[in-house]
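What follows is a short report on a single structure.
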């Protein structure tokens, strides 16, 4: 097995400084927990120093799906000195959690270095695929920030060509009630029939969302480059649910996961272990679920109270809502069927799709919640923290059992003392473990 450029850089540092060992911590084994002592060793930061500067590229990619034009946002961080593994450039393509945008990979809500930047400085080519609807195209300087739009008025913006924000008359708002999500929400919003917002949300099915991920990835990673790359996928939290079906379009070399949602049916199976059988019946079709302060507090019970207000203010730059992702992530099967029927009934649906029939629309949508044939043989490296607020050990192990017939080798590891987030502390633990797994050949064919 070849040694990566990051490994060579560390080896040189070790020799020059007279270090007694290259690693003071062990690469975790399947079903193990990285203990606090080793977490602190990793955080000491001696193992994978910065090796490169990088440049950032931001692209808006228009594409058509279900008769509507959407804009996919994609970022690419290019290291000046790319990390190579066995002669192949290491590329990680990722999509964001359910309350953030791709900006969360660049800067954490603490205002610190995000995981995309951390990896790029160590040679990884990082591609952030911002799911459709979650980028504010009306923000100045292409920042995507939502801070100018009141929290309870936020609805998806699907196109860079939209010139003004939605009117309050375009949607209704009501209390959220009980949802599949354990974090809860105070309010949900629905588009009013007959509006342009309604049309675009109907068209923005899970299939349309995966269409966007594919369009964005092909824009910044052409086939000629992909052939010579070690391409890995990661979806943080909600994003995980959408990166599995992307493999059916562009097959990666494996999944490098942290806090990642399994395919919807596998996650649902995990929920039944805890006694929740109601997910398929939840009415999430067309729904935009707000992620307000209560949701923020749910994920930050262990955070420094003195920092919370400042972090919340930074978080307000992010979308702080979820749309069709809920139905596909939680396998809200009834709502997915409703999405399919509303699309089939729409007057804007292209004639060729209508002619193909309802069954194809429905089965294509439902397939996004299921592990597909392209996953066969792919290695999966799964990790989350012992303080993870949403993915319990029992649920994740059950999901892995369901995934066994569909993927290759699959490890499931927990990290002591980390919760469900990608704050800077997590970044500085996850990153070294990921890099070491790559160097040790976990993703080698």
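The values are calculated or read from the model by the stated rules, or taken from the named source; none is laboratory data. All figures in this text were calculated on a predicted structure; none of them were measured in a lab. Because the Cβ atoms are built from the backbone with ideal geometry, glycine has one as well, and the counts that use them run over all protein chains shown.
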Could you go through the stretch 399-415 and let me know if any residue there is in contact with a strand residue (DSSP E or B) (Cβ under 8 Å, 6 or more places away or on another chain), assigned to a helix (DSSP H, G or I) and buried (at least 20 other Cβ atoms within 10 Å of the Cβ). yes
Wholly within the stretch 58-158, which strands (runs of 3 or more DSSP E) include no fewer than the required count, namely at least 3 residues that are over 18 Å from residue 430 (Cα atoms)? 68-79
Would you list the helices (runs of 4 or more DSSP H) that sit entirely within the stretch 272-356 and hold 2 or more residues that are surrounded by fewer than 21 Cβ atoms within 10 Å (Cβ to Cβ) and at pLDDT below 95? 293-298, 305-315
When you go through (1) under 30 Å from residue 24 (Cα atoms); (2) surrounded by fewer than 18 Cβ atoms within 10 Å (Cβ to Cβ); (3) under 21 Å from the mean Cα position of the chain (by Cα) one by one for residue 384, which number turns out not to apply? (2)
Tell me, please, whether a residue that is assigned to a strand (DSSP E or B) and either surrounded by 15 or more Cβ atoms within 10 Å (Cβ to Cβ) or under 21 Å from the mean Cα position of the chain (by Cα) (or both) can be found in the stretch 42-54. yes
Residue count for the stretch 149-182, restricted to those that are within 26 Å of residue 237 (Cβ to Cβ), surrounded by fewer than 18 Cβ atoms within 10 Å (Cβ to Cβ) and in contact with a helix residue (DSSP H, G or I) (Cβ under 7 Å, 6 or more places away or on another chain): 2
Which pairs have Cβ atoms under 9 Å, sit 6 or more apart or on different chains, and link a residue in the stretch 82-97 that is at positive phi to one that is buried (at least 20 other Cβ atoms within 10 Å of the Cβ)? 86/4; 86/230
The one condition in (1) surrounded by fewer than 24 Cβ atoms within 10 Å (Cβ to Cβ); (2) touching a residue at least 60 places away in the same chain (Cβ under 8 Å); (3) in a loop (DSSP other than H, G, I, E, B) that residue 269 fails to fulfil: (3)
Any chance residue 374 is assigned to a helix (DSSP H, G or I) and more than 23 Å from residue 206 (Cα to Cα): no
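Determine whether residue 67 is in contact with a strand residue (DSSP E or B) (Cβ under 8 Å, 6 or more places away or on another chain) and either crowded, with 24+ Cβ neighbours inside 10 Å or modelled with pLDDT of 95 or more (or both). Give the derivation first.
On the way: in contact with a strand residue (DSSP E or B) (Cβ under 8 Å, 6 or more places away or on another chain): no; either crowded, with 24+ Cβ neighbours inside 10 Å or modelled with pLDDT of 95 or more (or both): yes.
So residue 67 does not fit the description; no.
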Write out, first by first residue and then by second, each pair whose Cβ atoms fall under 7 Å of each other, whose residues are 6+ apart or on separate chains, and whose first residue, in the stretch 165-177, is in contact (Cβ under 8 Å) with a residue 40 or more places away in the chain and at negative phi while the second is surrounded by 12 or more Cβ atoms within 10 Å (Cβ to Cβ) and not in a loop (DSSP other than H, G, I, E, B). 171/189; 171/190; 171/191; 171/197; 176/187; 176/188; 176/289
Test result for residue 310, touching a helix residue (DSSP H, G or I) at 6+ places or on another chain (Cβ under 6 Å) and over 22 Å from residue 175 (Cα atoms): no
Which condition does residue 178 not pass, out of (1) at pLDDT 95 or above; (2) over 28 Å from residue 106 (Cα atoms), if it passes all the others? (1)
Give all pairs with beta carbons closer than 7 Å in which a residue from the stretch 43-54 that is under 17 Å from residue 430 (Cβ atoms) meets a residue that is modelled with pLDDT under 95 and surrounded by 18 or more Cβ atoms within 10 Å (Cβ to Cβ); count only pairs at least 6 apart in sequence or on separate chains. 47/10; 48/6; 48/10; 49/9; 49/10
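Would you be able to tell me the number of residues in the stretch 251-266 that are touching a strand residue (DSSP E or B) at 6+ places or on another chain (Cβ under 8 Å) and either surrounded by fewer than 24 Cβ atoms within 10 Å (Cβ to Cβ) or closer than 18 Å to residue 409 by Cβ (or both)? Write out each step before concluding.
Going residue by residue through the stretch 251-266, those that are touching a strand residue (DSSP E or B) at 6+ places or on another chain (Cβ under 8 Å) are 252-261.
Still in the list and also either surrounded by fewer than 24 Cβ atoms within 10 Å (Cβ to Cβ) or closer than 18 Å to residue 409 by Cβ (or both): 252-258, 260.
So the count comes out to 8.
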Testing residue 377 on (1) in contact with a strand residue (DSSP E or B) (Cβ under 9 Å, 6 or more places away or on another chain); (2) within 24 Å of residue 438 (Cβ to Cβ), one condition comes back false. Which one is that? (1)
